[in-house]
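Only one structure is covered here, and it is reproduced in the block below.
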Amino acid sequence: MNQSNDQALVSVVIPAFKARNYLADALESVRKQDYRNVEILVIDDASPEPIDDIIATFLQSPGAPGLRVVRHEENLGIAAVRNTGIQSANGEFVALLDHDDLWTPDHLSDLMKGILDNGCDIGFCSAMAFKDSPENWSGTWGPPNGVMDDNVALELFHISYITPSSAVIRKSLLTEMNGFRTEPEINACEDLDLWLRIAERRKKFHYSKRSTVFYRNHPSQATSRTAYLACQAAYVRALHVSSVPGPWIQKRALVAASWWSAFILTRHSGKIRWDLLKRSIIASLPVPWEMVRGISHLLGIKIFSGRSNQPSS
């Protein structure tokens, strides 16, 4: 796709905290985009690792788009970083890209065409997961069975299948939503919270069935990290249980199951969080079978299985 004066400007927001190992590759994947009306915003979240040499080398590359670095004086976390990028963006659209992920050359052109042709507010695609090399990717992160449900809010409530690096969003919508929420209770699931808020407002999603993002899988997280993510996911679901359209019992059961998952994983990591146990019990009162399931799992007795309660983010 050749550059055109009527192309909408896309602002690419890249958070940078301890980003030295992978930032150059992420920037290069932006430089290679066949959609040319692009600006890059690298948000340095008070990282201890220098990136100025990486930026300087990139800007000397042929065809490198304009790039600005915005620096935080103190580390504020990923949600605040993305909000700084959104506020600093000149583009009509904001594309998110984590410093350790990559795009195929047609990522932006494919999503922008889908968004504009269908009058959508947000576009995304499935991401190809890889560890060492994107050529050896294995598995994708996206909607179950590759199909987005009509009730996207309820589907996302069950499982967060939109990786931030795959998302292109109208800046006006992000401004309307006040960007990402920064409460510490959701700072690992801030993306799921935003997708749910967008879906609850009946905004129009475009899902490209072409996978144009490479999502880097790092070595498996420790159990304590898994427990932390489970707590965050449970909090987000509890926050949205009343606003997501869908069957009341189904939503309540999922919230209860999420709290039990958070309590059990935290217990397995060597801690007993009585507050999580209390939340689990209270959430299970209208759906008592979830209490039976939770206690059975706690005791190591799996009596029946259900749909996965953990989001992908």
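The value obtained for segment 111-163, namely the Cα convex hull volume divided by the number of residues, is 103 Å³ per residue. Estimated from helical segments only, the mean residue ellipticity of the chain at 222 nm is -12000 deg cm²/dmol, where each DSSP H run of four or more residues counts as -39500 (n - 2.57). Here the Karplus relation 6.51 cos²θ - 1.76 cosθ + 1.60, evaluated at θ = phi - 60°, turns the backbone of segment 9-18 into coupling constants of 6, 10, 9, 9, 9, 10, x, 9, 9, 6 Hz, with x for every Gly and Pro. Counting only Cβ charges, +1 for Lys and Arg and -1 for Asp and Glu, the dipole size of segment 244-294 around its Cα centre is about 100 debye.
Calculated on the Cα set of segment 152-227, radius of gyration then Dmax: 13.8, 39 Å. Scanning residues 5 or more positions from residue 211 or on other chains, none has an amide H under 5 Å from its amide H, with H placed 1.01 Å from N in the peptide plane. Shape analysis of segment 193-270 places it in the oblate category; the axes a ≥ b ≥ c from the Cα gyration tensor give an a/c of at least 1.5, with a/b not above b/c.
Beyond 23 Å between alpha-carbons counts as too far, so tell me which of 32/203; 18/203; 251/278; 171/203; 113/203; 171/204 fall in that bin.
Details: 32/203 30 Å; 18/203 34 Å; 251/278 19 Å; 171/203 13 Å; 113/203 17 Å; 171/204 14 Å.
Violating the 23 Å limit, Cα to Cα: 32/203; 18/203.
Across the accessible surface of the chain, with the other protein chains kept in place and a 1.4 Å probe, carbon and sulfur atoms take up 50 percent.
Between 0 and 90 degrees, the angle of helix 223-240 with respect to the longest Cα principal axis of the chain falls at about 90 degrees.
Shape of segment 61-200 from the C-alpha gyration tensor: rounded (a/c under 1.5, with a ≥ b ≥ c the square roots of its eigenvalues). Annotation: peptides 117-123, 169-175, 38-44, ranked by per-residue average of other Cβ atoms within 10 Å with the highest first, follow the order 38-44, 169-175, 117-123. Per residue, the accessible area of segment 118-186 comes to 41 Å², computed with a 1.4 Å probe over protein heavy atoms only. For the chain, the longest principal axis of the Cα atoms and the long axis of helix 190-200 meet at an angle of about 90 degrees. Extents of segment 1-143, taken as max minus min of Cα coordinates on every principal axis and listed largest first, are 42, 36, 31 Å. Taking the charge dipole of the chain about its Cα centre, with +1 at Lys and Arg Cβ atoms and -1 at Asp and Glu Cβ atoms, the residue from 72, 276, 159 reaching farthest to the positive side is 276.
Size descriptors for the chain (Cα atoms only): Rg and Dmax, in that order, 20.2, 64 Å.
The values are calculated or read from the model by the stated rules, or taken from the named source; none is laboratory data. Only a predicted model underlies this, so the values are computations on that prediction, with no experimental measurement involved. Counting neighbours? That spans all protein chains shown, and the Cβs are built from the backbone with ideal geometry, glycine included. Areas reflect the complete protein model, heavy atoms only, side chains present, ligands, DNA and RNA absent. Shrake-Rupley method; radii C 1.70, N 1.55, O 1.52, S 1.80 Å.
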